[in-house]
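Nothing in this text is a laboratory measurement; each read-out follows from the coordinates by a stated rule. Just so it is clear, the structure is predicted and the values come from calculations on it, not from any experiment. Using ideal geometry, Cβ is built from the backbone for each residue, glycine included, and neighbour counts are taken over all protein chains shown.
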């Protein structure tokens, strides 16, 4: 007869093993606590980690291209993902923008703007100078460094080619090949070789106002005279002499036995009569004490004259040949 087998006693070692297994089973499984990794303008996480990340993950940051560390560095450069999905400690930017070297003012000009990465410098030239090149340069990224987007421009002196020659006329300094900015030339008419002189029609002076640009078209030299349409007693015929830039009283109308006649008068001049509505006084022969001429408009209009206290009207027009 076989003896019965007695049960083995429960050991303390087995109890500890069971307890450890139970505790392990009851521990929470690790989860992805942080769905996003903080992003900053001036810095990025090293290694370019991808979210989501687990609690306890540490993100170490470095400067982005075009930026440098702020010195002295007093802010943390890393942060840790917490179980509640937050990051601690919260970070602030530890980097600042790099700067391109200051280009300095161009000769005969100036530069305005900022040298920092992403900024631009604007170039300007002094009056009388033209900007040659790009007027704007930007501080851009080149590899890990920053540099300007191009070479700085230059300010070159504005010059003009000689203005046009005119028929029967000439201008000052016509021997020169170039004229500087704001330099002025003056036109005048040559002698006509006849009884009627050439008159300058247009602006007598031209100014170099831009590169190969003059302030106006050149004038013309023409034989210009006034034609009297009808004669009124004690009225005047006026000749504008553009060569000397003044007006001349050429003839006046007199009453001789109730017949209108034109008689010559001595030349009486008034310099610089070129303004509309200007009242000018002419001095003449003793027979006519004074004549006040009121220009209503330029040639082709009416002239209002006062001679010996009598109000008269003379219609005139300009002819050119």
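A full extension of the chain between residue 127 and residue 174 corresponds to an added length of 14.5 nm, given 0.36 nm per residue minus the alpha carbon distance. Our estimate of slack between residue 32 and residue 154, defined as 0.36 nm per intervening residue step minus the Cα-Cα distance, is 38.0 nm.
Measuring from centroid to centroid over Cα atoms, what is the spacing of the stretch 65-121 and the stretch 200-220 in Å? Between the Cα centres of the stretch 65-121 and the stretch 200-220 lies a distance of 54 Å.
In terms of the mean number of neighbouring beta-carbon atoms within 10 Å, the peptides 166-176, 197-207, 59-69 order highest first as 197-207, 59-69, 166-176. For a modelled paramagnetic label at residue 51, 7 Å from Cα along Cα-to-Cβ, the residues of the stretch 83-116 in reach, with backbone nitrogen under 20 Å, are 83-94.
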